[in-house]
Amino acid sequence: GCVLVVSVIEQLAQWHNSTVKAAMERLCDYIPEKYNSLCLCTISFSIDREMNADVVCHSLRLCKQDPGQPLCHLYTPPKRKPFIFHLFHALAHAGPKCQIRSKSFMGFSSVCAFPLLANLCEKIKHVLRNKLPFEDFDGDKFSTFPTLRGYHWRGRDCNDKNTTVYPGRRPDNWDAKSDSNCNGIWGVDPKDGIPYEEKFCKGADSKGVVLLGDSAGAHFHIPPEWMTVTQMSAKSFANLPMAFSDELDWPQFSEFTGFLNSTIGGWTDSLYLRLRKRNRCNHRDLQNISQNGGSSGNLLSLIKSLARNQLLDNPAIVIYATIGNDVCNGERDTLAHMTTPKEMLSNVVQALRYLDSHLPNGSHVILTGLVDGRFLWDNLHDRYHPLGQLNKDVTYSQLYSFLDCLQVSPCSGWLTPNETLRNLTSERALQLSNVLKEIARSEKFANFDIFYMDFPLRQTAEEWRKMGGEAWQLIEPVDGFHPSQIAAALGTGITWQKALHEWPQVLGKENPFNDQIEAIFKDQGGH
């Protein structure tokens, strides 16, 4: 964290030809006022020309080298002096150069200590623990609030004071008097006295979309403008509060449950939007039950936040997609910490049994195979990271090595120059995908059928190249690990085409009344 912030401050000073102090003040001005406690304006220090961010952070005692551990650094060590000597030089002179005011360190290491952030921190802790909406007054697992696991993650509640009203349920008495399933279709047609829901949605094979996934499914994204000084302004950080309260995820733009126009580049296309277009009665019936770091193991607890009533609700299409974390970890002996095929089988079958006891009959489950993450190193390792674009001094290879040294790499097996290790990681990923494929072939459940599909990364790359794009643009630029907005949108089209041709029963039939539904909404001033 320190290396990131100091890098941005140093580059701001360079780009605007200002002092470090002026650059820090500029950064603090960019950050929304209620989050100013997070900025490092209370730390003042001077930097000589050879002190890069690594050296500064060690001199501030925010970075350290543990006994017996390598010295971790993002930047190439200074050429004029050996790095170790230079670092000790910085540490030895830290006294006069670094003046840290009383609460700045406390704020850096524990932002929740600040009064302005205490409430937010408590809310976030609650959300992280339960993976349920914080603002949910009736306890039906749906909310009228967007973030903190609210309607960015699940369809928006239309009555948060009534536990029997929520997206995805079958209509109560055809919603003649009120909208019990929040799809916006209710009331009675004055021409013939037939409820609109009965007229337009009866027999329409309505169904929702549920994702059980990881950070890729939640759509993890750190805006590159947060650390690219040539693009940085106050506007760059306007989305900071929303991003933090959504765990740096953007499910509202994601591949399976996205429903808003993307504001982070690319465009939004999702399985939910396509199902909604196919059948307008599916409006708001979505749940993104994903978490950063999600794997087949911890999904067993996450799945309990599913909101589906077997007796009252419509069937659902459930996508099970933990595409990397069963082989990805930041451990030095990464192979020893990967999920084994036997563990994968046990975890997934347990999850499916839970779904069978909660999903309405007629549901469908799609198991998605793991990604071949060699794509990451092959397309990014020699490119410059956003932090390195100004001075051409930080490649993704350097970033990966830095994170691996700190033992916080999102995937030591793939984000490494060790080709043998990358291949072994992909080999394990293929083994786990084959487990999923075999489950889909052999396991049978009472309330749903099961399908398998490979994660369509290669097909996505081919499609993007045909459109004139380059493969590296399919990867998130800041973390160098997750699928980008473009990849998510293109992946939706590939998944949809496969379903249309191979599993048409999953998607259901097209509702012939869609145009009439939209026309009535328009006439009544709705949208």
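The values are calculated or read from the model by the stated rules, or taken from the named source; none is laboratory data. Small disclaimer: the values here were computed from a predicted structure and weren't measured. Heads up, the Cβs are rebuilt from the backbone with ideal geometry, glycines too, and the neighbour counts pull from every protein chain shown. For accessibility, only protein heavy atoms count, side chains too; no ligands or nucleic acids. Shrake-Rupley method; radii C 1.70, N 1.55, O 1.52, S 1.80 Å.
The table for this structure:
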read-out: Inter-part distance where segment 456-525 and segment 236-296 are each reduced to a Cα centre, Å; value: 12
read-out: Lysine pair number, Cα distance threshold 22 Å (strictly under), segment 143-237, separation 8 or more or different chains; value: 7
read-out: Proximal charge balance of Tyr452 [Cβ under 12 Å; K/R count +1, D/E count -1]; value: -2
read-out: Net +/- balance of residues flanking Val229 in space, Cβ distance below 11 Å, scoring K and R +1, D and E -1; value: -1
read-out: Dipole magnitude of the chain, debye to nearest 20 (Cβ charges: Lys/Arg +1, Asp/Glu -1, about Cα centre); value: 720
read-out: Global geometry of the chain, whether rounded, prolate or oblate, following the gyration tensor of its Cα atoms and the 1.5 cut on a/c; value: prolate
read-out: For the chain, calculated [θ]222 nm from helices alone, where every DSSP H run of n ≥ 4 adds -39500 (n - 2.57); value: -11000 deg cm²/dmol
read-out: Highest to lowest packing among 404-413, 267-276, scored as the average C-beta count within 10 Å; value: 267-276, 404-413
read-out: Span-rule helices in the chain, defined as complete DSSP H runs reaching 20 Å or more along the axis (Cα) with Kyte mean at least -1.0; value: 115-130, 341-356, 419-442, 485-502
read-out: Within straight-line cross-link reach of Lys125, lysines at Cα separation under 20 Å, skipping those fewer than 8 residues along the same chain; value: Lys34, Lys141, Lys304
read-out: Average accessible surface area per residue within the chain, 1.4 Å rolling probe, Å²; value: 45
read-out: Mean Cβ count within 10 Å, highest first, over the residues of peptides 133-140, 417-424; value: 133-140, 417-424
read-out: Estimated FRET transfer efficiency (Trp15, Cys121; beta-carbon r; R0 30 Å; 0.05); value: 0.35
read-out: DSSP bridge pairs, the chain: antiparallel proportion in percent, nearest 5; value: 30
read-out: The chain, accessible surface, carbon-and-sulfur percent (1.4 angstrom probe); value: 53
read-out: Packing-based order for 456-468, 277-289, 206-218, 180-192, using average beta carbon neighbours within 10 Å, highest first; value: 206-218, 277-289, 180-192, 456-468
read-out: Order of exposure, largest accessible area first, which applies to Ser442, Ser245 with probe 1.4 Å; value: Ser442, Ser245
